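Peer 1: Before anything else, here's the structure in question.
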Amino acid sequence: MNGVEKRVKNKALLLVLAFCLTVMNIFPSPAHADNGNTKALWVWDFYDAASNSTKITQLLQFLKDNEINLLFIGTRNTLQYQPETYEELILRAHEEGIRVFSLVGRANWALEKYHRDALKEVREVISFNKLHPLSKFDGIQYDVEPHTMAEFKTKRGSISYQYIQMLKRIANEIRLSEDKLEFNAAIPFWYATGENPVIVETGGEKKPLSYFVLDIVDTATIMAYRATGERQIRSSQAEADYAASIGKKVYIGSETKPPDGKSIINEITYYNKGLKYMNQQLNTVMNYFANHTGFSGIAIHDYPAFKKMLQNDR
């Protein structure tokens, strides 16, 4: 089969899937999180994970095998070049009841001079959704971590303010587009309750940076990277409670990357603990927050590490 024939065949397959989803209307994709049953997975590298039909099949099977129903898929520098592949991924994911979020982020986007780069990403997703009404992204996650920049140590207040303004501009972009994208931000738990919490004063209010983030976004993903459910609960309780108080929700994140002796220590990752242990701990988290109105589910970081962890567990 030559390249032209293959593209025609793939396009025909997408049209059939789209027709089935439209006519049968049995796989609706919820616009926003509405319960605590979500289990998400971060997949940063689109080319490695989903750049062709075979990889998409493998990824979706992995999601189903691990009862994952929300996919954070990287789109930075790839969405504009691979629209048909993303279309296939989203259509097939929705067919399986899996929501799909665009995943983007760079720490320096928090700075005002780079806000245009952050806005470019959401505009690309909104444009994609307009051009592909039957395969829309359900949301977009911004993983912008200003605390990782060296200058954050000395310019914490200024950078936090700029970061807040960035989020406001993105939220406004989504609002003006009338797209039903769920706007999500990934944030570390310690903004509110760490040994050195990030307290911000702006607009006549003084409170943790994570609370300002929750005021703006639809949902947040708390990077509560700890290797026990109890510690994850303690790490995310403040944000979950604040989210509930303002009608928002949080996902609680878990780490599966291997310890590296530096940024990832054994105490924050489930990598060496095994799947059975991790699932027990995640069930502890989900059971604890089961009736919490600020809780929407859990998230696992990330696809390559989680796969390797499972392989080592066999």
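Peer 1: Per DSSP helix of 4 or more residues, -39500 (n - 2.57); summed, then divided by the residues of the chain. What does that give at 222 nm, rounded to the nearest 500?
Peer 2: Using -39500 (n - 2.57) per qualifying helix, the result is -15000 deg cm²/dmol.
Peer 1: Just the number, please: carbon plus sulfur as a percent of the accessible area of the stretch 124-230, 1.4 Å probe, no ligands or DNA/RNA counted.
Peer 2: Numbers: 2240 of 4620 Å².
Summing carbon and sulfur atoms, their accessible area is 48 percent of the total for the stretch 124-230.
Peer 1: Show me, for the stretch 136-150, the HN-Hα J-couplings you get by feeding each phi into the Karplus relation (A = 6.51, B = -1.76, C = 1.60, θ = phi - 60°), rounded to Hz, glycine and proline as x.
Peer 2: Once rounded to whole Hz, the list reads 7, 5, 7, x, 9, 10, 9, 9, 10, 10, x, 5, 7, 7, 4.
Peer 1: Find the accessible area per residue for the stretch 206-314; the probe is 1.4 Å, ligands and nucleic acids are left out, and the unit is Å².
Peer 2: Per-residue value: 42 Å².
Peer 1: What distance in nm lies between label points placed 7 Å from Cα along the C-beta direction at LYS120 and ASP313?
Peer 2: Modelled inter-label distance: 3.9 nm.
Peer 1: Once the whole set of protein chains is in place, how much accessible area is left on TYR161, using a 1.4 Å probe, in Å² to the nearest 10?
Peer 2: 110 Å²
Peer 1: One-quarter of the Cα convex hull surface for the chain, in nm²? Intermediate values should be presented prior to the final figure.
Peer 2: Values: hull surface 68.2 nm².
Averaged projected hull area, Cα only: 17.0 nm².
Peer 1: Put +1 on the Cβ of each Lys and Arg and -1 on the Cβ of each Asp and Glu in the chain; which of GLY97, MET309, ALA220 then has its Cα farthest toward the positive end of the dipole?
Peer 2: MET309
Peer 1: Step through the residues of the stretch 281-290 one at a time and calculate ³J(HN,Hα) from phi using the Karplus curve (6.51 cos²θ - 1.76 cosθ + 1.60, θ = phi - 60°), rounding each to whole Hz and writing x for Gly and Pro.
Peer 2: Going residue by residue, I get 5, 5, 5, 4, 5, 5, 5, 4, 9, 3 Hz, with x marking Gly and Pro.
Peer 1: Oh, and also: In the full protein assembly as shown, how much of MET286 is accessible to a 1.4 Å probe, in Å² to the nearest 10?
Peer 2: 50 Å²
The values are calculated or read from the model by the stated rules, or taken from the named source; none is laboratory data. Keep in mind that this is a model prediction, so the values were computed, not measured. Note that we place each Cβ from the backbone using ideal geometry, even for glycine, and neighbour counts take in every protein chain shown. We work out accessible area using only protein heavy atoms, side chains counted, and drop any ligands, DNA or RNA first. Shrake-Rupley method; radii C 1.70, N 1.55, O 1.52, S 1.80 Å.
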